[in-house]
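Undergrad: This is the structure I have questions about; it appears just below.
Every number here is computed from the coordinates shown, using simple stated rules; none is lab data. Fair warning: this is a prediction, and the values are worked out from it, not measured in the lab. Using ideal geometry, Cβ is built from the backbone for each residue, glycine included, and neighbour counts are taken over all protein chains shown.
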Amino acid sequence: MLTEIPSPTEGVLWLGPVPLRAYAICILAGVVIATMITGRRLEGRGYSRDAAVDVALWIVPFGIVGGRLYHVITTPQPYFGEGGHPLDAFKVWEGGLGIWGAVVLGAVGALFGARKAGVPFAVLADCVAPALPLAQAIGRFGNYFNNELYGRATNVPWALEIHQWDMNKGRAVVDSTGAPVVLGTFHPTFLYEAIWCVLIALVIWRLSDSGRLRQGQAFALYVMLYPLGRIVVELMRSDFANRILGVRVNVWVCGIVFLLGLAIFIARRRASADPRAAHQLEPDAHGAHDADTTADEAS
């Protein structure tokens, strides 16, 4: 092996006596970046940039609850199985957020937030579309700090060194000499997914700015593209996962979500071609632009 990617042996940063989980910091950083990007895109469509903050205050708590519920439902053994600890289901800071639960309940929060901010939901969804995968890419580094969600063992030059991890203490287990226990080197699937998410964001941003997407299609494109990369990552992972017909549950979910995204993408294309739908997409009192003129939005 020519080289390897080292992993942290500490997942907790201390601010005096206050512990700061690196996982939580990564999630928070992703939220901040996504909110800033969404604000710029809203401003480019004639809405207030501050509306992104107002909406984020709804999306974030709903998304965290949804993500945690999805994780606990699809992986209940650590919490409700033999030797499990039900109260650990509330320890979000230790990791364990399912993206699809976060998207579904986050969308519910977005509905409330968009209504309060006076932004049409379809407009908001398209503004969030490139920001969401970027937030995911940043958040994935939380898994890096937790030494989790890695792939199969490998000796490729970019292999990731993984330590035996004490999730409660947020650090690597040490041996009798005080040295961190190394389990081996594995595929850095967190990094693969992060790179894929960045590529998705760039594709959506480019197509959106070029005016080739109709209203609602930017978010539909995210819903289509993310599952494709996630399926590859899921098939590379070696950690325990519940299965249906021998296939990881997340793979099945990704397939269903892809088909849903494809259906929305096609439906929005057809709706935009309908003169009656075109009338509904005219600029509103806020001065929002028609979806066909997205080239004027902020980059």
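Undergrad: How many of the residues in the stretch 1-37 are closer than 23 Å to ASN168 by Cα and outside any loop (DSSP other than H, G, I, E, B)?
TA: Number satisfying all stated conditions: 17.
Undergrad: When you look at ALA29, is it closer than 17 Å to GLY139 by Cα and touching a residue at least 60 places away in the same chain (Cβ under 8 Å), yes or no?
TA: Answer is yes for this residue.
Undergrad: Only one residue in ALA107, ALA153, ALA114 is buried (at least 20 other Cβ atoms within 10 Å of the Cβ) and among the hydrophobic types (A, V, I, L, M, F, W, C), so which one is that? Outline the logic, then answer.
TA: Details: ALA107 fails: buried (at least 20 other Cβ atoms within 10 Å of the Cβ); ALA153 fails: buried (at least 20 other Cβ atoms within 10 Å of the Cβ).
None of the others qualify; the one that does is ALA114.
Undergrad: Within the stretch 61-89, restricting attention to residues that are over 14 Å from ILE99 (Cβ atoms) and charged (D, E, K, R), which residue is nearest to the chain's Cα centre (by Cα)?
TA: The selected residue is ASP88.
Undergrad: For the stretch 9-20, how many residues meet the condition of being surrounded by fewer than 16 Cβ atoms within 10 Å (Cβ to Cβ) and at negative phi?
TA: Qualifying residue count for the region: 8.
Undergrad: Then there is this: With the condition kept exactly as written, say whether any residue in the stretch 83-99 is assigned to a helix (DSSP H, G or I), surrounded by 22 or more Cβ atoms within 10 Å (Cβ to Cβ) and touching a residue at least 12 places away in the same chain (Cβ under 8 Å).
TA: Scanning the stretch 83-99 turns up at least one residue that is assigned to a helix (DSSP H, G or I), surrounded by 22 or more Cβ atoms within 10 Å (Cβ to Cβ) and touching a residue at least 12 places away in the same chain (Cβ under 8 Å).
Undergrad: Go through the residues of the stretch 141-149 one by one and say whether even a single one is part of a loop (DSSP other than H, G, I, E, B) and of a type in the set (Gly, Ala, Ser). Even if it seems obvious, please write down each step before you answer.
TA: Quick first cut of the stretch 141-149, residues part of a loop (DSSP other than H, G, I, E, B) only: 146-149.
Still in the list and also of a type in the set (Gly, Ala, Ser): none.
No, there is no match, as no residue in the stretch 141-149 is part of a loop (DSSP other than H, G, I, E, B) and of a type in the set (Gly, Ala, Ser).
Undergrad: Where the second residue is of a type in the set (Gly, Ala, Ser) and the first is on the phi > 0 side of the Ramachandran plot and lies in the stretch 123-149, which pairs have Cβ atoms under 8 Å and are six or more apart or on separate chains?
TA: ASN147/SER7; ASN147/GLY11; ASN147/ALA172
Undergrad: Also: Just one of ARG49, ARG40 is under 16 Å from ASP126 (Cβ atoms), out of contact with any His (no Cβ under 6 Å at 6 or more places or on another chain) and in a loop (DSSP other than H, G, I, E, B); which is it?
TA: Answer to the selection: ARG49.
Undergrad: Does PHE186 satisfy the criteria of being farther than 21 Å from ILE99 by Cα and among the aromatic types (Phe, Trp, Tyr)? Steps first, please.
TA: Details: farther than 21 Å from ILE99 by Cα: yes; among the aromatic types (Phe, Trp, Tyr): yes.
Yes: the conditions hold for PHE186.
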